[in-house]
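Let me begin by presenting the structure, written as structure tokens, before commenting on it.
The values are calculated or read from the model by the stated rules, or taken from the named source; none is laboratory data. Everything numeric in this text was worked out from a predicted model, so none of it was measured. We place every Cβ from the backbone using ideal geometry, glycine too, and count neighbours over all the protein chains shown. Just so you know, the surface numbers come from the protein's heavy atoms only, side chains and all, with ligands and any DNA or RNA stripped out. Shrake-Rupley method; radii C 1.70, N 1.55, O 1.52, S 1.80 Å.
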Amino acid sequence: MRKEELTFWEQLYIPQIYEGLKVTARHFFKNMKGHIARLLGRPVKDDETVTIQYPEERRPLSPRLRSLHRLVKRADGTPRCVACMMCETICPARCIYIVAAEHPNPDIEKRPARFDIDLGKCIFCGYCVEACPEDAIRMDTGILEFAAYTRQDMIYTMERLLAHEPMKITSQG
Ligand code: SF4
Ligand code: SF4
């Protein structure tokens with residue numbers, strides 16, 4: 001393949017640098033206009049990129065959002081889960097660990113003696129929620145920030161999962 005020789009003018013790269021700066025400046029001023037309009041409470045055009053000042057400012061979350069899991073409680077505070085293992089079986093990341101035990105109530109066959117989710121492995125596919133025949137696990141807490149310093153802290157035990165509450169929907173995203 002023949003290599004094209006660059007002309008002296010092309011070797012200077014000045015037109016290319018100028019073109020790049022032109023594009024950057026165009027976007028800069030357009031977006032700044034959007035920011036000012038937003039500060040003044042005016043509508044922002046669709047093609048203006050306005051950065052949300054996270055974490056002070058947050059976008060409203062969609063009710064369909066898959067966020068951190070929670071285990072649904074019965075009226076007496078015990079987990080609704082019947083340890084059927086459907087979620088553990090379907091989980092593609094293999095990050096649910098359940099140990100089943102006899103339920104004290106003879107009408108309910110089993111209960112989870114242990115129910116851990118390793119959030120360090122979870123891919124937030126939502127299959128566990130879909131597979132549950134008891135609607136005992138949900139991903140509607142709205143919690144998106146759960147970084148931890150150790151892998152161990154990323155393992156959410158049954159107690160932690162039961163303590164989560166559903167998010168309060170204020171407006172749809
Ligand atoms: S969301 Fe998906 S990966 Fe995470 S625990 Fe549920 S099934 Fe497993
Ligand atoms: S699928 Fe539902 S009921 Fe079955 S073990 Fe999982 S959370 Fe419990």
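For every residue, the table says whether it meets (1) more than 25 Å from the chain's Cα centre (by Cα); (2) over 28 Å from Cys125 (Cα atoms); (3) open to solvent by 100 Å² or more (accessible area, probe 1.4 Å).
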position	(1), (2), (3)
Met1	yes, yes, yes
Trp9	yes, yes, yes
Lys22	yes, yes, no
Met32	yes, yes, no
Arg42	yes, yes, yes
Asp46	no, yes, yes
Tyr54	no, no, yes
His69	no, no, no
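Under the condition of being buried (at least 17 other Cβ atoms within 10 Å of the Cβ) and free of Cβ contacts under 8 Å to residues at least 40 places away in the same chain, which residue from the stretch 98-115 is nearest to ligand 1 (Cβ to nearest atom)?
Here is the first cut: in the stretch 98-115, the residues buried (at least 17 other Cβ atoms within 10 Å of the Cβ) are 98, 100, 111-112, 115.
With the extra rule that they be free of Cβ contacts under 8 Å to residues at least 40 places away in the same chain, the set shrinks to 98, 100, 111.
Working: Ile98: 11, Ala100: 17, Arg111: 19 Å.
Within the stretch 98-115, the match that is nearest to ligand 1 (Cβ to nearest atom) is Ile98.
Could you tell me whether the stretch 60-67 includes any residue that is open to solvent by less than 30 Å² (accessible area, probe 1.4 Å), more than 16 Å from ligand 2 (Cβ to nearest atom), assigned to a loop (DSSP other than H, G, I, E, B) and closer than 24 Å to Met167 by Cβ? Give the derivation first.
We begin by selecting, within the stretch 60-67, every residue open to solvent by less than 30 Å² (accessible area, probe 1.4 Å); these are 67.
Narrowing further to those that are more than 16 Å from ligand 2 (Cβ to nearest atom): 67.
Going one step further and asking which of them are assigned to a loop (DSSP other than H, G, I, E, B), we end up with 67.
Retained after the next criterion (residues that are closer than 24 Å to Met167 by Cβ): 67.
Within the stretch 60-67, one or more residues are open to solvent by less than 30 Å² (accessible area, probe 1.4 Å), more than 16 Å from ligand 2 (Cβ to nearest atom), assigned to a loop (DSSP other than H, G, I, E, B) and closer than 24 Å to Met167 by Cβ.
Rundown of residues vs (1) out of contact with any strand residue (DSSP E or B) (no Cβ under 8 Å at 6 or more places or on another chain); (2) surrounded by fewer than 18 Cβ atoms within 10 Å (Cβ to Cβ); (3) in contact (Cβ under 8 Å) with a residue 24 or more places away in the chain; (4) not β-branched (Val, Ile, Thr), yes/no style:
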| site | (1), (2), (3), (4) |
| --- | --- |
| Arg58 | yes, yes, no, yes |
| Val82 | no, no, yes, no |
| Ile90 | yes, yes, yes, no |
| Ile96 | no, no, yes, no |
| Ile117 | no, no, yes, no |
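Condition check ((1) over 18 Å from the mean Cα position of the chain (by Cα); (2) within 16 Å of ligand 2 (Cβ to nearest atom)) across all residues:
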{"site": "Thr51", "(1), (2)": "yes, no"}
{"site": "Cys81", "(1), (2)": "yes, yes"}
{"site": "Thr89", "(1), (2)": "yes, yes"}
{"site": "Ala100", "(1), (2)": "yes, yes"}
{"site": "Val129", "(1), (2)": "no, yes"}
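Failed condition for Gly142, given (1) surrounded by 14 or more Cβ atoms within 10 Å (Cβ to Cβ); (2) within 14 Å of ligand 2 (Cβ to nearest atom), with all others met?
Only one criterion in (1) surrounded by 14 or more Cβ atoms within 10 Å (Cβ to Cβ); (2) within 14 Å of ligand 2 (Cβ to nearest atom) is unmet by Gly142, namely (2).
Which numbered condition trips up Gly41, out of (1) at negative phi; (2) without any contact (Cβ under 8 Å) to a residue 40 or more places away in the chain; (3) not in a strand (DSSP E or B)?
In the conditions (1) at negative phi; (2) without any contact (Cβ under 8 Å) to a residue 40 or more places away in the chain; (3) not in a strand (DSSP E or B), Gly41 misses (1) alone.
I'd like to check something: does the stretch 107-127 contain any residue that is within 12 Å of ligand 2 (Cβ to nearest atom), within 16 Å of the chain's Cα centre (by Cα) and over 18 Å from Glu165 (Cβ atoms)?
yes
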